[in-house]
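One structure below.
Nothing in this text is a laboratory measurement; each read-out follows from the coordinates by a stated rule. None of these values were measured; they are calculated from a predicted model. Positions of Cβ are backbone-derived with ideal geometry, glycine not excepted, and every protein chain shown enters the neighbour counts.
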Amino acid sequence: MLRVRDSVRRYVDENIAFIHMPKCGGTSLKKALCQRYSPKRQTLLDSGASKRAADSRGVDLLEFRLDLLHYELQRGKASWLIAGHYPVRADTLESFGAQWMFMTVLRDPVDRWLSHYFYGRHKTDSPFHIDHDLATYANSEHARRMGSIYVRHLLTLPGKMECVSDLDVEAAIDVLSRFDLIGTVESMPTWIAQFESKTGQRLRVGQHNASPVSREDRLALVTPELREQVARLCEPDIKVYEAATRMVNRVR
């Protein structure tokens with residue numbers, strides 16, 4: 001729970017767009033951020049509903065979510081929170097950066113990829129369910145796309161695009177550098193301290209959306225060889241993550 005002084009909840013004054021990268025601890029942060037805003041001043045993306053809507057219309061999921069984000073950025077009033085698995089582009093920050101603080105958190109890409117797999121594999125009721133065992137899935141095109149999830153969300157690249165280029169990676173890093181607050185799961189206390197410095201509000205972050213697979217079971221399935229294979233799949237996002245780590249270290 002967030003600390004509340006004298007039983008009076010203080011809200012954040014700034015407009016915040018929290019870009020929640022999948023499986024990067026964002027559910028916990030989102031819940032903490034929601035405690036800093038009036039319930040009437042929050043827009044939280046429903047990931048499952050947005051996917052079903054995009055599928056029913058036959059449109060790309062990230063492009064559909066980008067349209068939703070731009071709509072919400074246009075309609076948001078003072079002291080407003082937008083949070084969810086939204087993508088962005090350079091023009092998103094150029095158009096709305098003066099009115100909104102853009103924030104995100106990244107995670108070691110190999111750990112993120114594995115977490116994404118195990119979560120999707122065991123969530124049988126999810127529209128993002130993964131049917132294949134780990135070894136089979138790691139050789140699929142979808143697995144390759146999951147290795148560039150940061151690049152795709154920072155540039156709103158279409159899902160049918162199988163590979164990303166070095167230029168895409170450079171462009172994604174440039175977009176990331178325009179965010180007001182960047183953090184990593186591995187340095188979460190730094191992110192929280194910077195948030196509190198920027199907003200003047202305390203933030204208490206719990207743990208939510210934990211993996212449905214035990215650490216022991218994950219270790220048994222992820223051999224050193226398979227982890228190396230996943231690292232190769234994640235090469236684009238590793239470059240983005242390393243750049244994010246440098247950005248975090250520069251502002252400490």
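Odds and ends about this structure:
- Restricting region 37-109 to trypsin sites (Lys or Arg not before Pro) that sit in a DSSP loop and have at most 14 other Cβ atoms within 10 Å of their own Cβ leaves 77.
- Residue-span extension gain [residue 63 to residue 139] - 0.36 nm each, minus C-alpha spacing: 24.8 nm
- Ellipsoid semi-axes for region 1-138, based on the Cα gyration tensor and the rule √(5λ), read 29, 20, 14 Å when sorted largest first.
- Sum of -39500 (n - 2.57) over DSSP H runs of 4+, divided by residues of the chain (222 nm, nearest 500): -15000 deg cm²/dmol
- Net charge of Cβ neighbours under 9 Å - reference residue 149; Lys, Arg +1; Asp, Glu -1: +3
- When each of 123/239; 31/198; 30/198 is checked by Cα-Cα distance, pairs over 21 Å: 123/239
- With 10 Å bins beginning at zero, the pair-distance distribution over Cα atoms of the chain amounts to 7, 30, 37, 20, 5, 0 %.
- Length released on extending from residue 44 to residue 132, taking residue separation times 0.36 nm less the Cα-Cα span: 28.7 nm
- Total formal charge among the other residues, if their Cβ is under 14 angstrom from that of residue 115, Lys/Arg +1 and Asp/Glu -1: +3
- Phi angles across region 65-75 convert, under the Karplus curve 6.51 cos²θ - 1.76 cosθ + 1.60 with θ = phi - 60°, into 3J(HN,Hα) values of 5, 5, 4, 4, 4, 4, 4, 5, 5, 6, 8 Hz, Gly and Pro given as x.
- Label point distance in nm, residue 122-residue 34, each placed 7 Å from Cα along Cα→Cβ: 2.3
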